[in-house]
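Notes follow once the structure below has been shown.
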Amino acid sequence: MLHAVIMAGGAGTRFWPASRIERPKQLLALAGPQTMIQSTVARLGTLVPPQRVLIVTNQRLVAAIQQQLPELPAEAVMGEPCKRDTAPCVGLAAAWVSRFDPDATMAVMPADHVIQQRAEFQTALQQASDLVAASPGRIVTFGIRPTYPAESFGYIERDLPLDSSGAPAFRVKQFREKPSAAVARDYLAAGSFYWNSGIFVWKARTILDQLARHEPEMCGHLDTITRSFGKPQFAETFRREFAAIKGKSIDYAVMERATDIAVIEAPFDWDDVGSWQSLQRLQPPDEHGNTVQAEAAVLLETRGSIIRGTAGHLIATVGLTDCIVVHTPDATLVANKHQEESIRQIVRLLEEKEWQQFL
């Protein structure tokens, strides 16, 4: 059966001050009335029912996610005791799913992507599941056809086409790291490269075998955790063994080493919503290029800006160009939108000052 594993442990620091430790971006409504994690679960539709959904997150977010997703069983939200990147997260999820379904197929996805076409997304997941069924050791990912030479995404280079009904599918020739501007332009011109969506489909046993082959030390800790599932000592074993793992992304741990990988050209629009400027792609701007998410806003001689406010608060701007203004009850951000990477530096400065109330 097809199971969905949703990775929801990110901090979302580039969305400060809306995104906080206790309420990071996956718990915010940034692209519609639903929060990002609610939208991620909703787009699975009937293809993956609630009893086959597992969310892996930070321990401190478990209660908040359970509150946002009351349709899921309480045990469907697993809290990691510390951050160890995506490979341990995926391995832990595969071991958990295998307890209940030894032949499980897993669709693994982040909680903070925007994909509006739910029917097309579900069709693509089914196509990927069929490709895995045809070759059980296969790993399938989704490639996004690039629309500009992005330097902030990893890339997938496609190889020979695969016989598959639905969207075009290919063998993967190579995964490429985030490129320089010049290399990204070459990738775009070549026409054989995709952005790496970070969405994967595989058999649970396949990813466990791959991790055992390439990351035996990590798997040793995961195996110890797995043996304690359902036992009184689980919480302590989980905390101790997970903390001992050396964090690594699933891309480095498996994807760049595996050989039987297929890529489906995604038949849906995709946005990874990485920063405040993403909102200008997701929400049509006004006639002056402004994107406004506020109950009340008055903009004079303001262009190309992003304005986000809270209920009961008026934001008024005069003479702004290409700015980000975000108001929350206890913090306000005003920034040049072309310097938004520096928002992370603000978070680091707050950490240094130990101003936990603003993190």
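The values are calculated or read from the model by the stated rules, or taken from the named source; none is laboratory data. Just so it is clear, the structure is predicted and the values come from calculations on it, not from any experiment. Neighbour counts run over all protein chains shown; Cβ positions are idealised from the backbone, glycine included.
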Anything in segment 328-359 that is closer than 23 Å to Ala31 by Cβ and assigned to a loop (DSSP other than H, G, I, E, B)? List them, or say none.
Thr328, Pro329, Ala331
Which condition does Ser135 not pass, out of (1) buried (at least 16 other Cβ atoms within 10 Å of the Cβ); (2) of a type in the set (Gly, Ala, Ser); (3) touching a residue at least 40 places away in the same chain (Cβ under 8 Å), if it passes all the others?
(1)
Name every residue in segment 1-54 that is among the small types (Gly, Ala, Ser) and out of contact with any helix residue (DSSP H, G or I) (no Cβ under 8 Å at 6 or more places or on another chain), in order of residue number.
Ala11, Ser39
The residue from Gly312, Gly274 that alone is part of a loop (DSSP other than H, G, I, E, B) and on the phi > 0 side of the Ramachandran plot is Gly312
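Let's see how each residue does on (1) closer than 29 Å to Leu208 by Cβ; (2) in contact (Cβ under 8 Å) with a residue 24 or more places away in the chain:
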position: Thr13; (1), (2): no, yes
position: Ser19; (1), (2): no, no
position: Thr40; (1), (2): yes, yes
position: Pro81; (1), (2): yes, yes
Given (1) at pLDDT 95 or above; (2) part of a helix (DSSP H, G or I); (3) out of contact with any Lys or Arg (no Cβ under 8 Å at 6 or more places or on another chain); (4) under 15 Å from Ala4 (Cα atoms), Ala63 misses just (4)
Taking segment 205-255 as the search range and keeping residues that are surrounded by fewer than 16 Cβ atoms within 10 Å (Cβ to Cβ) and of a type in the set (A, V, I, L, M), which one is farthest from Arg158 (Cα to Cα)?
Ala235
Name the residue, out of Ile307, Ile245, Ile261, that is touching a Leu at 6+ places or on another chain (Cβ under 9 Å), modelled with pLDDT of 95 or more, assigned by TED's automatic domain parsing to the domain that holds Val90 and within 25 Å of Ala111 (Cα to Cα).
Ile245
Can you name the number of the only condition in (1) farther than 30 Å from Ile207 by Cα; (2) not assigned by TED's automatic domain parsing to the domain that holds Asp322 that Glu287 fails?
(2)
Positions within segment 21-35 being outside any loop (DSSP other than H, G, I, E, B) and more than 14 Å from Arg344 (Cβ to Cβ), in sequence order:
Arg23, Gln26, Leu27
When you scan segment 125-138, do you find a residue that is of a type outside the set (Gly, Ala, Ser) and not in a helix (DSSP H, G or I), even just one?
yes
Checked segment 190-204 for anything out of contact with any Gly (no Cβ under 6 Å at 6 or more places or on another chain) and crowded, with 18+ Cβ neighbours inside 10 Å; matches are Phe193, Trp195, Ser197, Gly198, Ile199, Phe200, Val201, Trp202, Lys203, Ala204
Of the residues that make up segment 206-228, is at least one of a type in the set (Asp, Glu) and in contact with a Lys or Arg (Cβ under 8 Å, 6 or more places away or on another chain)?
yes
Going by the conditions given, is Val325 part of a strand (DSSP E or B) and either more than 23 Å from the chain's Cα centre (by Cα) or not assigned by TED's automatic domain parsing to the domain that holds Ala29 (or both)?
yes
